[in-house]
Amino acid sequence: MKLYTYWRSSAVWRVRIALNLKNLSCENAPVHLVRGEQRSEGFRGINPNAVVPALQLDDGRVLTQSLAIIEYLEERYPLPALLPSDPTRRAQVRAAALLIACDIHPLNNLRVTEYLKGRLGHSQDEAVSWMQHWMRAGLEAYQRTIEDAGAGAGRFSFGDAPTLADLCLIPQLYNARRWGLDLAGLERLVAIDAAAAALPAFQAAAAAAQPDAEPV
Ligand SMILES: N[C@@H](CCC(=O)N[C@@H](CS)C(=O)NCC(=O)O)C(=O)O
């Protein structure tokens with residue numbers, strides 16, 4: 001398998017954690033997002049939507065969308081499970097994951113903030129304020145979602161083992177810190193982040209651990 005990746009991409013990061021937890025190896029094909037390589041005709045041939053991740057399978061077929069890729073890996077390589085067996089719990093885990101992947105992340109994406117600053121003429125400070133606003137609102141909702149779901153006081157969002165929800169949460173918390181979001185009041189999420197940081201699968205998936213990582 002070949003993973004089209006960028007070290008700081010939170011969507012790819014989700015997939016990297018899944019691959020590591022399931023002990024799967026993968027060739028890395030870096031796509032430099034800040035240089036705009038995702039918009040090249042060559043990469044659009046891999047993913048017409050011009051975003052990473054894309055996972056090229058050994059037979060040449062390409063999968064896109066991080067959550068679809070993770071669900072594929074889950075079906076092909078079921079252990080360790082990233083989704084609980086109870087259907088209600090599965091739906092709750094997916095909902096928490098989608099809260100981040102659909103309701104927070106797209107509003108913070110590079111092409112969205114580039115449009116804010118370019119076409120709409122906003123300053124960098126205004127773009128950062130936009131990102132912080134949507135991250136704060138979404139992360140507060142995430143924390144309340146896992147509390148309301150009665151997910152318990154486990155080390156992760158839903159119990160003591162990482163699920164699809166945590167695969168989305170951890171990179172989003174990196175983004176939150178990167179853009180200076182105050183995490184006060186989000187202590188449960190900070191504690192989950194600390195629990196994840198202790199696991200080798202999460203450590204190896206982190207932005208700074210990637211071969212294409214750049215000094216910050
Ligand atoms: N819904 C997509 C989102 C993918 C996505 O937006 N990736 C970002 C990096 S985290 C990207 O490639 N952005 C490039 C750009 O905005 O130009 C997924 O989950 O795979």
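Return the pairs, sorted by first residue and then second, in which the second residue is open to solvent by 50 Å² or more (accessible area, probe 1.4 Å) and within 10 Å of the ligand (Cβ to nearest atom), the first residue lies in the stretch 29-44 and is within 14 Å of ARG111 (Cβ to Cβ), the beta carbons are less than 7 Å apart, and the residues are 6+ apart or on different chains.
If the second residue must be open to solvent by 50 Å² or more (accessible area, probe 1.4 Å) and within 10 Å of the ligand (Cβ to nearest atom), the pairs left are VAL31/GLU37; LEU33/LEU110; PHE43/GLU37.
Sort out which residues of the stretch 23-56 are aliphatic (A, V, I, L, M), under 17 Å from the mean Cα position of the chain (by Cα) and assigned to a strand (DSSP E or B), and write them in order of number.
First, pick out the residues of the stretch 23-56 that are aliphatic (A, V, I, L, M): 24, 29, 31, 33-34, 46, 50-52, 54-55.
Adding the requirement that they be under 17 Å from the mean Cα position of the chain (by Cα) leaves 31, 33, 50-52, 54-55.
Across the stretch 23-56, the qualifying residues are ALA54, LEU55.
Yes or no, residue by residue, for (1) open to solvent by less than 50 Å² (accessible area, probe 1.4 Å); (2) modelled with pLDDT under 95; (3) in contact with a strand residue (DSSP E or B) (Cβ under 9 Å, 6 or more places away or on another chain); (4) closer than 18 Å to SER157 by Cβ:
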{"residue": "LYS2", "(1), (2), (3), (4)": "no, no, yes, no"}
{"residue": "ASN23", "(1), (2), (3), (4)": "no, no, no, no"}
{"residue": "ALA29", "(1), (2), (3), (4)": "yes, no, yes, no"}
{"residue": "TYR77", "(1), (2), (3), (4)": "no, no, no, no"}
{"residue": "VAL93", "(1), (2), (3), (4)": "yes, no, no, yes"}
{"residue": "ASP103", "(1), (2), (3), (4)": "no, no, no, yes"}
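Is the stretch 16-25 home to any residue that is of a type in the set (D, E, K, R) and either more than 16 Å from the ligand (Cβ to nearest atom) or in contact with a Ser or Thr (Cβ under 8 Å, 6 or more places away or on another chain) (or both)? Explain how you work it out, then say what you get.
Of the residues in the stretch 16-25, the ones of a type in the set (D, E, K, R) are 16, 22.
Adding the requirement that they be either more than 16 Å from the ligand (Cβ to nearest atom) or in contact with a Ser or Thr (Cβ under 8 Å, 6 or more places away or on another chain) (or both) leaves 16, 22.
Checked against the condition, which is being of a type in the set (D, E, K, R) and either more than 16 Å from the ligand (Cβ to nearest atom) or in contact with a Ser or Thr (Cβ under 8 Å, 6 or more places away or on another chain) (or both), the stretch 16-25 yields at least one hit.
Condition test on GLU147, is it modelled with pLDDT under 95 and either of a type in the set (Asp, Glu) or surrounded by 17 or more Cβ atoms within 10 Å (Cβ to Cβ) (or both)?
The answer is yes for GLU147.
Restricting attention to the stretch 171-186, does a residue exist that is open to solvent by less than 50 Å² (accessible area, probe 1.4 Å), under 16 Å from the mean Cα position of the chain (by Cα) and farther than 23 Å from ASN49 by Cα?
Looking through the stretch 171-186, at least one residue is open to solvent by less than 50 Å² (accessible area, probe 1.4 Å), under 16 Å from the mean Cα position of the chain (by Cα) and farther than 23 Å from ASN49 by Cα.
Failed condition for TYR72, given (1) open to solvent by 20 Å² or more (accessible area, probe 1.4 Å); (2) part of a helix (DSSP H, G or I); (3) under 16 Å from ALA205 (Cβ atoms), with all others met?
Condition (3) is where TYR72 drops out.
What number goes with the only condition from (1) open to solvent by less than 60 Å² (accessible area, probe 1.4 Å); (2) within 16 Å of the ligand (Cβ to nearest atom); (3) closer than 17 Å to VAL15 by Cβ that LEU98 does not pass?
Failed condition: (1).
Please find, among THR113, THR163, THR145, the residue that is among the polar types (S, T, N, Q) and within 16 Å of the ligand (Cβ to nearest atom).
THR113
The values are calculated or read from the model by the stated rules, or taken from the named source; none is laboratory data. It should be emphasised that the depicted structure is a prediction, and the values quoted were computed from it without experimental measurement. In this analysis, Cβ positions are derived from the backbone assuming ideal geometry, glycine residues included, and neighbour counts consider all displayed protein chains. Surface areas here come from the heavy atoms of the whole protein model, side chains and all, with no ligands, DNA or RNA. Shrake-Rupley method; radii C 1.70, N 1.55, O 1.52, S 1.80 Å.
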